[in-house]
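Visitor: I'd like to ask some things about the structure below.
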Amino acid sequence: MIVLSYLAVGAIMLILIAFSKSHRTINAFTTLHTLVFLAIGLYALLNTTVPAFETGSEYFYVDHLSIYEGLIAALLFFFASVYANGYVESLIEAQELHRNNLKIFYLIFSALLTAATLAFFSDNLTLFWIFAELTTIFSAALVAILSAKENIDAAIKYIFIASGAMLFSFIGLTFLYTLSGEVLGSGSLNWTVLIENASLLSPKMMTASFVFLFIGFAAKSGIFPFHTWLPDAHSKAPSAVSAILSGVLLNIGMYGILRMYSIVRQTQAEHLISQFLMGFGLLTIAVAVLNMLWQNNLKMLIAFSSVEHMGVILLGIGIGTPLSLFWTLYYVLAHSLTKASLFFSAGILHRQYESNLIHDIRDIFSLQPVAGWGLIIGSFAIIGMPPFPIFSAKLFILLEAFGFSKPLVFAVLLLLVIASAAFARFLIEAFTRSSKEAGIEDSETPLLPYVVKRGMKFPLLSIIFIILALGVFFPEFLETLLNKIVYELGYL
Amino acid sequence: MITSFLADQALLEDIVRILFVFVLITAAFILSTRNIASLLTVYAVQSFLLTLIAASLYLIEGSEKLLAMAALTLVSKVLLIPLFINVIGEKIKISRDLEFNYLEPTASLLVSMGLIMLSYVFLSGFFDEYVLGKLFFVGAVIGLSLTLMGMLVIFSRKKVMTKVIGYLTMENGVLLFGIFVADLPFVIEILIVIDLMILVLLTTILAIGLDSTKNEYHKRLQTLKIWSGREE
């Protein structure tokens with residue numbers, strides 16, 4: 001029922017958007033779409049018995065992990081669609097987005113939400129693969145919709161790297177299929193079947209198929225060395241889309257890795273794969289952080305920070321203890337929300353200065369106080385300062401990592417300090433520049449404040465409120481939910 | 001006569017092996033050919049070879065699923081996708097892709113030989129402990145090599161249209177892998193092809209955008225009637 005209602009709502013909303021005329025109605029339907037998806041997710045969480053199979057077949061499966069990821073996706077899409085109302089209007093006024101493309105933007109936006117949600121509810125791994133592929137294509141179209149040359153370049157790079165890597169995942173799936181066929185008689189690619197019989201699977205073949213699957217899912221999440229598309233795509237996309245790319249689409253790859261790892265965890269290959277994941281996690285953090293340090297482009301900085309956080313999440317998955325999984329799951333939520341707030345602030349600043357570069361930003365507190373403070377608070381939250389939720393998540397993941405290797409923890413801590421320095425350096429340099437000090441040439445053309453459109457501040461402020469609340473107060477229902485996920489993935 | 005020919009398993013397996021070699025030859029062509037029209041023809045030939053492989057396997061194993069796969073490949077990859085790229089290619093008038101990144105054709109052919117060796121060594125490391133059909137193993141090696149060679153095309157060629165063909169070659173490699181374990185539900189096979197078509201559609205539209213200015217791009221899309229909407 002749940003998956004069917006997602007599908008039905010997704011289809012109806014596409015039709016409604018296709019037949020709407022004005023921007024306001026199109027946006028209203030898109031926002032409605034996200035709200036209904038939120039409602040379905042909450043209903044599934046509160047009123048139905050999960051885990052359960054869906055649609056009477058083995059294709060779809062609902063458990064707490066899929067509901068959790070689905071809810072995060074719907075929440076982020078909700079904020080992004082509210083933000084898009086004003087933001088996209090500004091893009092049209094600035095002639096960066098052609099009015100003819102407006103409807104296409106929302107159609108793809110809406111289809112992207114449906115595809116991403118269904119990916120989380122797929123039990124059959126091939127079906128998951130297909131939905132993940134579709135999200136790549138749809139989101140690449142959203143990156144390219146501004147039809148500036150660099151956007152098309154970024155989108156093409158994104159498609160070829162992410163989709164090309166996903167083909168290797170498919171080889172991994174074929175491996176897995178033969179492997180399960182040897183154990184079960186007839187092959188199966190259903191996650192539920194695989195995890196039930198995980199202990200029977202040959203560790204050698206399991207390692208091979210995991211490595212192939214990892215290539216695709218890692219590329220989707222921007223894990224080194226497949227991260228090269230990410231900074232371009234995330235920084236060139238319209239900010240409402242960037243928030244989704246970082247907050248939802250990266251989670252899809254991580255979700256795939258987590259599901260696969262929970263199978264591997266039951267086999268002899270666990271130790272090797274665990275080290276493999278931690279190694280890539282560390283490398284990813286290192287590469288991202290070094291790119292952040294002298295970054296002069298605000299959105300690039302935020303995008304590389306996404307790469308860094310995916311590295312931490314991969315590390316958390318690789319540690320593989322129940323506690324580290326618990327905090328990794330919490331980390332996913334915290335990162336998605338915080339990253340969205342940063343991109344929303346950056347979007348307002350980009351409208352103001354028509355540039356993301358550090359030396360174009362000046363007089364920020366008199367021109368855009370809300371976005372300025374949003375960026376400051378968001379930066380504090382993203383580098384993991386207390387009382388923000390990323391702090392506790394990082395702390396507990398690193399404490400668990402201590403059990404594995406002390407040098408690893410020290411290396412990560414050092415890298416995190418560099419990441420904080422990168423944000424600090426950017427904020428100090430950009431936020432202390434005023435046009436009075438800058439000299440005559442700047443004072444000749446005083447900047448007019450960009451009037452932030454209705455609804456653009458609401459998502460920013462609400463996210464900041466949510467992360468502050470989450471940081472000081474850990475709600476009980478969230479704890480129960482995360483515990484159930486840890487249990488259902490076979491960790492306890 | 002014909003029935004006895006079709007029933008001869010050993011002969012059919014040999015035919016499949018020969019077809020594998022032909023597939024590799026097409027991949028080498030794709031790596032080095034400069035003319036986009038002939039690239040497309042080679043891709044269609046490659047897909048047709050896959051159709052033949054699937055059909056021969058049907059004769060060996062008798063699973064109707066393989067016949068359906070053969071038909072699906074024939075319709076989508078031999079006919080529809082090349083036709084579609086051809087239509088777009090004519091509109092945007094790129095006929096040759098002369099530039100190579102990093103690797104010249106000779107070097108990339110040498111690299112791909114290395115890749116084939118690598119796939120063999122890699123896969124034999126995993127498969128020797130299993131009692132798998134020999135043909136499956138050869139198919140896996142060729143499939144993986146084809147995927148890697150397709151990746152090489154994406155890296156070493158500049159024009160997006162050529163990259164698309166490189167991606168399609170990769171996909172053919174994966175299909176070659178998949179033919180041997182072709183018990184996936186047919187719905188899923190169809191979904192994969194639909195996914196492929198959308199990807200080709202999007203990348204080719206973007207390819208139009210890349211070599212034109214913004215206004216020109218919109219004009220071109222209008223003439224293609226792909227983006228709906230009116231001119232103001």
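Visitor: With +1 on each Lys and Arg Cβ and -1 on each Asp and Glu Cβ, and nothing else charged, work out how big the dipole of chain A is about its Cα centre, in Debye to the nearest 20.
Guide: 440 debye
Visitor: Would you please give the residues with an amide H less than 5 Å from that of A:L97, counting only those at least 5 places away or on a separate chain, with H modeled from the backbone geometry?
Guide: For A:L97, whose amide H was placed from the backbone, the distant partners under 5 Å are A:I92.
Visitor: For A:S22, A:S306, what's the fewest-to-most ordering of other Cβ within 10 Å of each Cβ?
Guide: A:S22, A:S306
Visitor: For region A:354-410, just the Cα atoms, rotate onto the principal axes and tell me the three extents in Å, largest first.
Guide: Largest first, region A:354-410 extends 49, 22, 13 Å along its Cα principal axes.
Visitor: Across bins of 20 angstrom width beginning at 0, how are the C-alpha pair distances of chain A distributed, in whole percent?
Guide: Per 20 Å bin, starting at 0, the Cα pair percentages come out as 25, 59, 16, 1.
Visitor: Shifting gears a bit: Order by neighbour count: A:H98, A:H271, fewest other Cβ atoms within 10 Å first, most last.
Guide: Fewest-to-most Cβ neighbours within 10 Å comes out as A:H271, A:H98.
Visitor: Over all directions, how big on average is the projection of the convex hull of the alpha-carbon atoms in region A:296-451, in square nanometres?
Guide: 9.2 nm²
Visitor: What fraction, in whole percent, of alpha-carbon pairs in region A:91-132 exceed 12 Å separation?
Guide: 64 percent
Visitor: Any chance you could check the Cα centroid distance between region A:385-420 and region A:181-204 for me, in angstrom?
Guide: First find each Cα centre; the distance between them is then 35 Å.
Visitor: Averaged across the residues of A:160-168, what count of C-beta atoms belonging to other chains lies within 10 Å of each residue's C-beta?
Guide: 6
Visitor: Turning to a different aspect of this structure: To the nearest whole number, what is the average tally of beta carbon atoms from other chains within 10 Å of the beta carbons of peptide A:185-196?
Guide: Per residue, the number of nearby Cβ atoms from other chains is 1 on average.
Visitor: Can you sort B:R34, A:R351 so the residue with the fewest Cβ neighbours within 10 Å comes first?
Guide: Ascending number of Cβ neighbours within 10 Å: B:R34, A:R351.
Visitor: Calculate the translational D of region A:68-199 in whole µm² s⁻¹ from Stokes-Einstein, where the hydrodynamic radius comes from the Kirkwood formula applied to all Cα pairs, the temperature is 25 °C and the viscosity 0.890 mPa s.
Guide: My calculation gives 145 µm²/s for D.
No lab work stands behind these numbers, since they all come straight from the coordinates. Given the structure is predicted, the values throughout are model-derived calculations rather than measurements. Positions of Cβ are generated from backbone atoms using ideal geometry, with glycine treated the same way; all protein chains shown enter the neighbour counts.
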